[in-house]
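Okay, so here's the structure we're looking at.
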Amino acid sequence: MKTFVIINPVSGARRMEKTQLEHVARINFPHAQGAFTQHAGHATQLAAQAVKEGYECVIVAGGDGTVNEAASALVGTQTALGIVPKGSGNGLARELGMPLLYEEAFTALQKAQPLACDVGQANGEYFFNVAGVGIEAEIARQFARHGQKGTRGKWPYFKLGAEILLSYHPKTLRVSYNGKDEILTPLTLVFANGTQYGSNFKIAPHASLNDGQLDMVEVLSASKWKLALAAPTFFSKTFRPIQVTRTQHTARAVIHFDGEIVYHLDGEPKTAQNELHISLLPKALRLLVPNRY
């Protein structure tokens, strides 16, 4: 398989030498070509060029943001995406069952098989795992700012999230989906293609990457103590004794709000004005999976 490898050398909390990653990639894919990302958006450019040059596979070693960039250039093509997790959450990589050690991930991709997966869209931009509005989007925005001047990783993310939770005031939204309108004031409203944000925090435990629909999960604006008690259960697929979520299934939705809408796509913060349009492209991306999904 003609393969191109994209490596983000600064992804994740534990940043490695370029030569170390490159060495492991060459051992597993000795005939592959590749490049290191140099700036935001570079993975999209590299992946698009790989498609033009007839590569059958693009392997991305990076975090969720880098994966999103590269995958966006592969939507609707026959070029498959392989993921080597090297970020903080690694949501999509975990969803696919990829090993979290990069040495093992490169090895697993040698025998991985392509699976046609759904792709989400928000105002024309793609997401592949999870998008949302509400507190998670605000955390993503603050975390992005924090990462520019501080450390990244799981602990800074959860610490920041706890701080924002204490002061966050949910916004009232009008949500149109499945032929009806609802007025919601959620702590967060999630559109899940996969089951989890990352780090095994399963916001939509029954979601599927190839079922032709999104799980729209409303996290209720419950009391702080109830949310605290419920939080540990999100690391389980089945144990949810404290119900703080409501799930609907849809392939299309519109969020209405007068003013700025802060949202995120696979953890990357974005903003829109007044409306946010969510939709789904069925089986529009080929993903390499080490085992049958």
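Within the group E69, E22, E56, which residue is in the same structural domain as A105 (by TED's automatic domain parsing), closer than 21 Å to E268 by Cα and of a type in the set (D, E)?
Details: E22 fails: closer than 21 Å to E268 by Cα; E56 fails: closer than 21 Å to E268 by Cα.
Testing whether each residue is in the same structural domain as A105 (by TED's automatic domain parsing), closer than 21 Å to E268 by Cα and of a type in the set (D, E) leaves just E69.
Condition check ((1) assigned to a loop (DSSP other than H, G, I, E, B); (2) more than 23 Å from L115 (Cβ to Cβ); (3) of a type in the set (S, T, Y); (4) under 17 Å from the mean Cα position of the chain (by Cα)) across all residues:
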residue: E182; (1), (2), (3), (4): no, yes, no, no
residue: V190; (1), (2), (3), (4): no, no, no, yes
residue: A204; (1), (2), (3), (4): yes, no, no, yes
residue: A207; (1), (2), (3), (4): yes, no, no, yes
residue: E218; (1), (2), (3), (4): no, yes, no, no
residue: S221; (1), (2), (3), (4): yes, yes, yes, no
residue: A228; (1), (2), (3), (4): no, yes, no, no
residue: P232; (1), (2), (3), (4): no, yes, no, no
residue: T238; (1), (2), (3), (4): yes, yes, yes, no
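I'd like to verify a number: residues in region 18-39 that are in contact (Cβ under 8 Å) with a residue 60 or more places away in the chain, within 18 Å of L100 (Cα to Cα) and of a type outside the set (V, I, T), how many? Selection size over region 18-39: 3.
Just to be sure, is N8 under 17 Å from A108 (Cβ atoms), polar (S, T, N, Q) and either at pLDDT below 95 or surrounded by fewer than 20 Cβ atoms within 10 Å (Cβ to Cβ) (or both)? Please lay out each step first, then the result.
Working: under 17 Å from A108 (Cβ atoms): no; polar (S, T, N, Q): yes; either at pLDDT below 95 or surrounded by fewer than 20 Cβ atoms within 10 Å (Cβ to Cβ) (or both): yes.
For N8, the condition - under 17 Å from A108 (Cβ atoms), polar (S, T, N, Q) and either at pLDDT below 95 or surrounded by fewer than 20 Cβ atoms within 10 Å (Cβ to Cβ) (or both) - is not met.
Which residue out of G97, G89, G120, G134 is of a type outside the set (V, I, T), more than 14 Å from the chain's Cα centre (by Cα) and buried (at least 24 other Cβ atoms within 10 Å of the Cβ)?
Details: G97 fails: buried (at least 24 other Cβ atoms within 10 Å of the Cβ); G89 fails: more than 14 Å from the chain's Cα centre (by Cα); G120 fails: more than 14 Å from the chain's Cα centre (by Cα).
Of G97, G89, G120, G134, the one residue that is of a type outside the set (V, I, T), more than 14 Å from the chain's Cα centre (by Cα) and buried (at least 24 other Cβ atoms within 10 Å of the Cβ) is G134.
Scan region 80-100 for residues that are touching a residue at least 60 places away in the same chain (Cβ under 8 Å) and closer than 26 Å to P282 by Cβ and the total you get is 13. Screening L46, L74 for residues that are touching a Lys or Arg at 6+ places or on another chain (Cβ under 9 Å) and not assigned by TED's automatic domain parsing to the domain that holds F201 leaves exactly one candidate, L74. A search for C-beta distances below 8 Å between a residue of region 263-283 that is outside the structural domain of G76 (by TED's automatic domain parsing) and farther than 15 Å from S72 by Cβ and any residue that is of a type in the set (F, W, Y) and buried (at least 24 other Cβ atoms within 10 Å of the Cβ), counting only pairs 6+ apart in sequence or on different chains, returns P269/Y263; T271/Y263; A272/Y263; L276/Y263; I278/F191. Modelled with pLDDT of 85 or more, crowded, with 16+ Cβ neighbours inside 10 Å and of a type in the set (G, A, S) - does that describe any residue in region 209-227? No, region 209-227 has no match at all. Out of E104, E125, one residue alone is out of contact with any Gly (no Cβ under 9 Å at 6 or more places or on another chain), farther than 28 Å from H31 by Cα and surrounded by fewer than 24 Cβ atoms within 10 Å (Cβ to Cβ). It is E125. Annotation note: Cβ proximity below 7 Å between a residue of region 101-118 that is assigned to a helix (DSSP H, G or I) and a residue that is surrounded by 15 or more Cβ atoms within 10 Å (Cβ to Cβ) and not aliphatic (A, V, I, L, M) (sequence gap 6+ or interchain) occurs for Y102/K86; A105/P85; A105/P99; F106/N28; T107/N28; A108/P99; A108/P290; L109/G82.
Would you check if there is a residue in region 229-241 being buried (at least 19 other Cβ atoms within 10 Å of the Cβ), touching a Gly at 6+ places or on another chain (Cβ under 7 Å) and either within 30 Å of F106 (Cβ to Cβ) or without any contact (Cβ under 8 Å) to a residue 40 or more places away in the chain (or both)? Give the derivation first.
Step one: of region 229-241, the residues buried (at least 19 other Cβ atoms within 10 Å of the Cβ) are 234.
Those left that are additionally touching a Gly at 6+ places or on another chain (Cβ under 7 Å): none.
No, because not a single residue in region 229-241 is buried (at least 19 other Cβ atoms within 10 Å of the Cβ), touching a Gly at 6+ places or on another chain (Cβ under 7 Å) and either within 30 Å of F106 (Cβ to Cβ) or without any contact (Cβ under 8 Å) to a residue 40 or more places away in the chain (or both).
The values are calculated or read from the model by the stated rules, or taken from the named source; none is laboratory data. What you see is a predicted model, and the numbers here were worked out from it, not measured in a lab. Note that each Cβ is placed from the backbone with ideal geometry, even for glycine, and that neighbours are counted across all protein chains shown.
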